[in-house]
Amino acid sequence: MININDTVHNHYQIHKNASLLDVLIEFDKFLDDLNVYSYENWMEGEIVDGPHLSRYWCEVSIMYPYKQMPNPMGAERLTDKKCKVSFREDHYNEPRRIKTPDDYEPGTKKPKIDEIPVWVVKIRVPKKYVMIYDKNELDQEEIVKGEQKGLNDETRQSGNASETDI
């Protein structure tokens, strides 16, 4: 069961962390490069969980309205790239719009919750397709770390020379 509060919290976590947002951008680019969006209803989804990064995988769950199930042929494109795709039926808890007093939970000022049927597509993509490693950026980070420790070309050369004297 998908809760609106969990979805909002997931979106907040993504926008709070720039690297997760970058992963989602690369995830979207990966789906676009495979032409998954050319299949029916793949554009209609909403991310409800993820991205979750593990050592080798990036996992994202996307929710679709029940009557707009994404075409499984798009998932076949993903499996050709060693992705794991699963479809499942679920329910989305959505607060009811207040129009009459009957729309409130009895004895409270909270709206009733409606269960809306949805499809959830869980996609596990090999991490190599969604992570970008900028070699120049990594090298610069290492140089800055070394300089902060007091290391430079001269100390490295003199350090090696002193080790040979011992």
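Only the coordinates and a few stated rules stand behind these numbers; no lab work does. All values derive from a computational prediction rather than experimental measurement. With ideal geometry, Cβ positions are generated from the backbone for all residues, glycine too; neighbour counts draw on all protein chains shown.
Take the residues in region 76-116 that are under 20 Å from the mean Cα position of the chain (by Cα) and in contact (Cβ under 8 Å) with a residue 60 or more places away in the chain; name whichever of them is surrounded by the fewest Cβ atoms within 10 Å (Cβ to Cβ).
Filtering region 76-116 for residues that are under 20 Å from the mean Cα position of the chain (by Cα) and in contact (Cβ under 8 Å) with a residue 60 or more places away in the chain, the one surrounded by the fewest Cβ atoms within 10 Å (Cβ to Cβ) comes out as Asp90.
Mind counting the residues in region 98-113 that are assigned to a loop (DSSP other than H, G, I, E, B) and within 21 Å of Ile2 (Cβ to Cβ)? Full working, then the answer.
Step one: filter region 98-113 for residues assigned to a loop (DSSP other than H, G, I, E, B), giving 98-100, 105-110, 112.
Add one more test, that the residue is within 21 Å of Ile2 (Cβ to Cβ), and what stays is 105, 110, 112.
Summing the residues that are assigned to a loop (DSSP other than H, G, I, E, B) and within 21 Å of Ile2 (Cβ to Cβ) in region 98-113 gives 3.
For Ile14, state whether it is surrounded by 14 or more Cβ atoms within 10 Å (Cβ to Cβ) and not small (Gly, Ala, Ser). Please lay out each step first, then the result.
Details: surrounded by 14 or more Cβ atoms within 10 Å (Cβ to Cβ): yes; not small (Gly, Ala, Ser): yes.
Judged against the criteria, Ile14 is a match.
Is it the case, given these coordinates, that Lys128 is part of a helix (DSSP H, G or I), within 22 Å of the chain's Cα centre (by Cα) and not aliphatic (A, V, I, L, M)?
Values: part of a helix (DSSP H, G or I): yes; within 22 Å of the chain's Cα centre (by Cα): yes; not aliphatic (A, V, I, L, M): yes.
Yes, satisfied.
So which residues in region 1-33 are in contact (Cβ under 8 Å) with a residue 60 or more places away in the chain and not in a helix (DSSP H, G or I)?
Of everything in region 1-33, those that are in contact (Cβ under 8 Å) with a residue 60 or more places away in the chain and not in a helix (DSSP H, G or I) turn out to be Met1, Ile2, Asn3.
Could you grab the pairs with beta carbons closer than 6 Å, sequence gap of 6+ or different chains, first residue in region 50-64 and on the phi > 0 side of the Ramachandran plot, second one hydrophobic (A, V, I, L, M, F, W, C)?
Short answer, once both residue conditions are applied: Gly50/Val60.
Taking Ile62 as the residue in question, decide whether it is surrounded by 13 or more Cβ atoms within 10 Å (Cβ to Cβ), in a loop (DSSP other than H, G, I, E, B) and hydrophobic (A, V, I, L, M, F, W, C). Explain how you work it out, then say what you get.
Values: surrounded by 13 or more Cβ atoms within 10 Å (Cβ to Cβ): yes; in a loop (DSSP other than H, G, I, E, B): no; hydrophobic (A, V, I, L, M, F, W, C): yes.
So Ile62 does not fit the description; no.
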